[in-house]
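All remarks here apply to the structure that follows.
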Amino acid sequence: MIRNGLLLLLLSCSQNLFSQRIMEVNYQLDQQGNYNFYCKNNAYCNYILEIGFGTLDNMKSDIVLPYRGMMKPGMNKLFKLSKQNASEAFQFKYSIDFAKGCINPKTDTNFTYLLPLSQGKETQVYVMQNDQQTSSKESSVGGNAQEINPGSKNWYLVRMRMKPGDTIFSARRGMVTEVDDKSDANDVGGSSIGNENYVEIVHGDCSFGRYGILKKGSALVKPGQFVEAGTPIGLVGGDKFGRGSEIRFSVHYNVEPGDSQYGSNAKIYWEYVPLKFWTKSNGKISLKHGANYISEFPKEILQQEIKKPDVKKGKKK
């Protein structure tokens, strides 16, 4: 059995292996000899965290284990472990799984999105969808932490024909969570499958909008920046002779089986939203493959998620 000081040293070393990662799980020993667990979420969106204990000798938790909860950005308190018998040796070992998103998100699948291109600009659209379900995967991020790469359900993506250097606009307000504009493969006409430059934005209903394909070094926003609908976020990549001069836009959110138990993150899927857009002359519609549409930014669509202040009538004297 491993005693107090050695256990703390071993697990502290283990934690250092994946410090400064997206999710940092640690604990502090208080004056009563309890181990208080906490998690620091270094991302700009919520994550689902699961902690399982392979070993838990002479220890008890103040909550039911294994642990499962949603981590908001910043510091999150988790649970407390205490010794069952103070005079006896103890030991605990744990592993971590986490995945981006919220537990049972209330995603608005009927939301009205803007076309993510300049107001008044016309584009031809190509709707890509697949109702098949793919398997999720795990990817190690160091130490004993595993980030889940979800599979997909009802994949849905809209491609909009553009010219290199055209501006990409946010189709909905939200927080920028990821930006990657390092690749130049698309700009030189090469295949961009699997390494497209993109911007990701999380919305108020915990859905994630993904915008591509950006020109190398052209992002106009950065992670942690809040943007309103209609905000310029980057420039379209691709050369004039290639096939990649287009905006690619999709929205997804995480879903799980109804009978999920511990370890269910391995069964998480991205559910894709069959998008509805506001277009000039057509209003709110589902886009048709191969059709042409003109972008329009009406005030009521730009401000549909902005809460109006309560106006209280003054009392008559």
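Coordinate-derived values only; no laboratory data. Because the structure is predicted, anything quoted here is derived from the model rather than measured. Methodologically, a virtual Cβ is constructed for each residue, glycine included, from the backbone with ideal geometry; neighbour enumeration extends over all protein chains shown.
Observations
- For residue 284, a cut-off of 14 angstrom between C-alpha atoms picks up these aspartates and glutamates, skipping any fewer than 8 places away in its own chain: 296, 300.
- Ranked 107, 231, criterion: other C-beta atoms within 10 Å, fewest first: 231, 107
- Modelled this way, with points 7 Å down the Cα-to-C-beta line, the labels at residue 34 and residue 119 are 5.6 nm from one another.
- Summing charges over all other residues whose Cβ lies under 15 Å from the Cβ of residue 43, with Lys and Arg as +1 and Asp and Glu as -1, gives 0.
- Counting beta carbons within 10 Å around each of 289, 252 and listing the fewest first gives the order 289, 252.
- Each residue in 158, 125 was given a count of other beta-carbon atoms within 10 angstrom of its own, and listing them fewest first yields 125, 158.
- The modelled label-to-label distance for the pair residue 42/residue 56, using points 7 Å beyond Cα in the direction of Cβ, is 2.8 nm.
- Entries of 100/216; 40/299; 121/216; 77/182 with Cα pairs more than 29 Å apart: 40/299; 77/182
- The modelled label-to-label distance for the pair residue 292/residue 87, using points 7 Å beyond Cα in the direction of Cβ, is 8.8 nm.
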